[in-house]
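Okay, so here's the structure we're looking at.
The values are calculated or read from the model by the stated rules, or taken from the named source; none is laboratory data. Here the structure is a predicted model, which is why all the values come from computation and not from measurement. Note that we place each Cβ from the backbone using ideal geometry, even for glycine, and neighbour counts take in every protein chain shown. Accessible surface is based on the protein model in full, side chains and every heavy atom, while ligands, DNA and RNA are left aside. Shrake-Rupley method; radii C 1.70, N 1.55, O 1.52, S 1.80 Å.
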Amino acid sequence: MYFLILRGAISYDSSDQTALYIRMLGDVRVRSQVGFEPERRGSHPYLGVDFRTLHSRAESAGSIPARRIRRLFSFQRHLLSSRLLRGVPHLNPLHILDEDYCGQAKCMLEKVGSWNFDIFLFDRLTNGNSLVFLTFHLLNQYGLIELFQLDMVKLRRFLVLVQEDYHNQNPYHNAVHAADVTQAMHCYLREPKLAQSLTSFDILLGLLAAATHDLDHPGVNQPFLIKTNHYLAALYRNTSVLENHHWRSAVGLLRETELFSHLPVEDSLSIERQLGSLILATDISRQNEYLSRFRTHLDENDLCLGHASHRHFVLQMALKCADICNPCRPWELSKQWSEKVTEEFFHQGDIEKKHKLEISPLCDSEANTIASVQIGFMTYVVEPLFAEWVRFSDTRLSQTMLGHLGLNKASWSALEPEASGSSEEGESEPGRATEEPSSRALSQGSQES
């Protein structure tokens, strides 16, 4: 066992609008020393609130009750993946796909570096296994499987268990989001500055961190866990609760599958530590901390990618960009993600109402709209981050992302008055549909970088 000392908390100026918005997304608490221990999968009971209602949906008569717990226990998931790898068929085998669909998925992987990559289509073509197929393909494409002598069976099992530990009932924080972030990370790793400087070890860390950065996400945010007295909040002392849990869960799977057991102990521990450093950087409450540091480096022009610490910091910034890059995607993809994340926010708000808890900001469906949530997120979180990223890497891809960001923000701004108007006229015109902006107005010129 070893220990990681977390850095002190950063305080925000209450007059700063950006800081206020970020604090709405995640509560900032005092950081302290936290002992490292990988977490066991399937061992996280929720306290204070009956979480069986978290993902309940109206179901037709005669169907499985909504309150039934749909997550498999740890030993069941282990058995499932083990049977799969031994070639024993089960109801939904990962490797058996319709030949036509499998061929189309392979064709899509040939363009996995395109910013227009449709992860939703790819997930359908792979029968819901986009994270496994995409991550495995990228690790192989970069030559990392051979270079690090990764056991194919252990790697496959690790990726299967990672995908299993994402909650597919979450509208947003699920395995498809993880696959999307991994694909975006691949695009950034191929940018000239990074491609010329990153080592194979850096690339391995970046891809693994992207694939596991939201592992076992419960579909609610940190303030919710704190006010419901969830034991994870107490375990991590209200500090980067979710990110610490994602990291420990990822390490638990690495150790369970013994993916790096053939490496020297110091190397495997180094992988775990640096993986944690990358995942912890995705904590939205620390956005200003990382952004200020990034801006200072760019102002002083002192980023030297020949230094391992500077390369690691750039990897942290790349993962942060990949994690919130949805507003920078083409409208057809960006709009779907916006709807999904807002659905998850509003679902949390409904639970808070039901249990008479204070409704978290952005989670009240009566006070917010998809458009208002997205405009605020783009203005105070996405635009400042990507403005600095473009300063660091001013490439065709970066300009494409900024172009989509501006067009998508304009599209949501155009929809916002209509949303307000339709709510006022809802009783007189209940069947009126909100007109969407034409996708043809958006740039479709982004090519594979």
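If I model a spin label at ILE226 and GLU343 as a point 7 Å from the Cα along the Cα→Cβ vector, what separation in nanometres do I get?
2.9 nm
Quick one: 3J(HN,Hα) in Hz for the stretch 316-324, Karplus 6.51/-1.76/1.60 with θ = phi - 60°, rounded, Gly and Pro as x.
Each residue's phi maps through the Karplus curve to give 4, 5, 5, 5, 4, 5, 4, 5, 10 Hz.
Positive end of the dipole of the stretch 171-228, charges at C-beta (+1 Lys, Arg; -1 Asp, Glu), about the Cα centre: which of ILE226, ALA179, SER200 has its Cα farthest in that direction?
Comparing the listed Cα positions along the dipole, ILE226 ranks first.
Please list, or write none, the lysines whose alpha carbon is within less than 18 Å of the alpha carbon of LYS353, excluding same-chain residues fewer than 8 places away.
Hits, sequence-local ones excluded: LYS227.
When the Karplus curve 6.51 cos²θ - 1.76 cosθ + 1.60 is applied with θ = phi - 60°, which whole-Hz ³J(HN,Hα) does each residue of the stretch 189-205 get, with x for Gly and Pro?
Running phi through 6.51 cos²θ - 1.76 cosθ + 1.60 with θ = phi - 60° gives 5, 8, 5, x, 4, 7, 4, 7, 10, 5, 8, 4, 5, 4, 5, 4, 4 Hz.
Between ARG124 and GLU416, what length comes free when the chain is fully extended (0.36 nm per residue of separation minus the Cα-Cα distance, one decimal in nm)?
Numbers: separation 292, 0.36 × 292 = 105.12 nm, distance 3.11 nm.
Length gained, ARG124 through GLU416: 102.0 nm.
PRO171: net charge of surrounding residues, Cβ under 9 Å, Lys/Arg +1, Asp/Glu -1, itself excluded?
Once all neighbours under 9 Å are counted, the net charge is -2.
Based solely on C-alpha atoms, express the radius of gyration and the Dmax of the stretch 99-325 in angstrom.
Taking only Cα atoms of the stretch 99-325, I get Rg and Dmax of 17.3, 54 Å.
Multiply the residue separation of ARG295 and VAL153 by 0.36 nm, subtract the distance between their alpha-carbon atoms, and state the gained length in nm to one decimal.
Working it through step by step, the gained length comes to 46.8 nm.
Using a 1.4 angstrom probe on heavy atoms only, work out the carbon and sulfur share of the accessible area of the stretch 99-325 in %.
Carbon and sulfur together cover 49 percent of it.
Distance in nm between label sites at GLN399 and GLU366, each 7 Å beyond Cα in the beta-carbon direction?
Roughly 4.9 nm, to one decimal.
Write down the accessible area per residue of the stretch 99-325 in Å², having rolled a 1.4 Å probe over the full set of protein chains.
34 Å²
What dipole magnitude, in Debye to the nearest 20, does the stretch 99-325 give about its Cα centre under +1 on Lys/Arg Cβ and -1 on Asp/Glu Cβ? All intermediate terms of the calculation are to be shown ahead of the outcome.
Values: 18 positive and 26 negative charges, 64 e Å.
Dipole magnitude for the stretch 99-325 comes out near 300 debye.
Once label points are set 7 Å from the Cα along Cα→Cβ at both SER200 and CYS102, what is their separation, rounded to one decimal in nm?
2.9 nm
Which lysines, if any, have their Cα less than 25 Å from the Cα of LYS193, not counting same-chain residues under 8 positions apart?
LYS111, LYS320
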